[in-house]
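Step one of this worksheet: look at the structure below.
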Amino acid sequence: MSDNNSPVAIVAAEAPLRAKASNYPEPFASRMAGRGKRPLGNVFGLSNFGVNLTRLALGAVSSLRHSHSRQDEFIYILTGHPLLVTDDGKTSLSPGMCAGFKSGTGNGHHLVNRTAEEVVYLEIGDRSAGDSGHYPDDDIQAVLGKDGQWQFVHKDGTTY
């Protein structure tokens with residue numbers, strides 16, 4: 001253990017799963033069935049960016065299709081063949097491939113596992129204050145609160 005009580009190194013696949021399967025309110029949270037995230041960055045007390053080891057079962061999605069106002073995101077495929085869905089279309093990914101999503105572009109994106117094999121990938125994103133999430137396909141939007149927690153509302157601003 002280091003001085004801040006964080007381990008020096010771990011086996012990523014043995015890190016604890018995120019306690020709450022999804023931060024989304026219903027009816028969106030249940031759409032994340034089959035997705036498991038291991039928040040690796042949190043294990044080490046990282047505060048400037050997050051790293052998740054994420055697994056998608058058959059039929060699972062990484063998230064609602066979304067974009068961020070201030071957060072850059074990056075994914076790296078370890079195993080499996082997910083479909084990346086963006087405003088530009090659909091792209092088949094395979095192990096060793098990666099993709100990045102610049103903040104502020106409005107290009108909604110997510111991964112879908114339409115294969116019989118599990119998908120495992122790393123997702124990395126910064127933790128920019130004042131970030132917001134936009135969801136082109138659903139009646140939801142998100143704002144990152146000062147406490148670092150996502151707050152979700154309908155597109156008309158009413159709360160869930």
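List of remarks:
- Residue identified as surrounded by fewer than 17 Cβ atoms within 10 Å (Cβ to Cβ), free of Cβ contacts under 8 Å to residues at least 40 places away in the same chain and under 17 Å from the mean Cα position of the chain (by Cα) among G157, G148: G148
- Of all residues making up segment 105-135, the number that are free of Cβ contacts under 8 Å to residues at least 40 places away in the same chain and among the hydroxyl-bearing types (S, T, Y): 1
- Members of segment 38-49 found to be in a strand (DSSP E or B) and closer than 16 Å to G148 by Cβ, listed by number: P39, F49
- The residue that is surrounded by the fewest Cβ atoms within 10 Å (Cβ to Cβ), counting only those in segment 41-55 that are touching a residue at least 40 places away in the same chain (Cβ under 8 Å), of a type outside the set (G, A, S) and under 19 Å from Q71 (Cβ atoms), is N48.
- Within segment 67-102, the set of residues being buried (at least 17 other Cβ atoms within 10 Å of the Cβ), without any contact (Cβ under 8 Å) to a residue 40 or more places away in the chain and among the hydroxyl-bearing types (S, T, Y) is empty.
Listed here are the residues, each with its yes/no results for (1) among the polar types (S, T, N, Q); (2) under 18 Å from the mean Cα position of the chain (by Cα); (3) farther than 27 Å from Y160 by Cα.
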residue: S6; (1), (2), (3): yes, no, yes
residue: A13; (1), (2), (3): no, yes, yes
residue: R18; (1), (2), (3): no, yes, no
residue: Y24; (1), (2), (3): no, yes, no
residue: A29; (1), (2), (3): no, yes, no
residue: R38; (1), (2), (3): no, yes, no
residue: L46; (1), (2), (3): no, yes, yes
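- Any hit, segment 24-38, residues being farther than 19 Å from E118 by Cα and touching a Leu at 6+ places or on another chain (Cβ under 8 Å): yes
- Qualifying position, being in contact (Cβ under 8 Å) with a residue 40 or more places away in the chain and in a loop (DSSP other than H, G, I, E, B), among P25, P7: P25
Readers should treat all values here as calculations from the given coordinates under stated rules, not as data from a laboratory. All values derive from a computational prediction rather than experimental measurement. With ideal geometry, Cβ positions are generated from the backbone for all residues, glycine too; neighbour counts draw on all protein chains shown.
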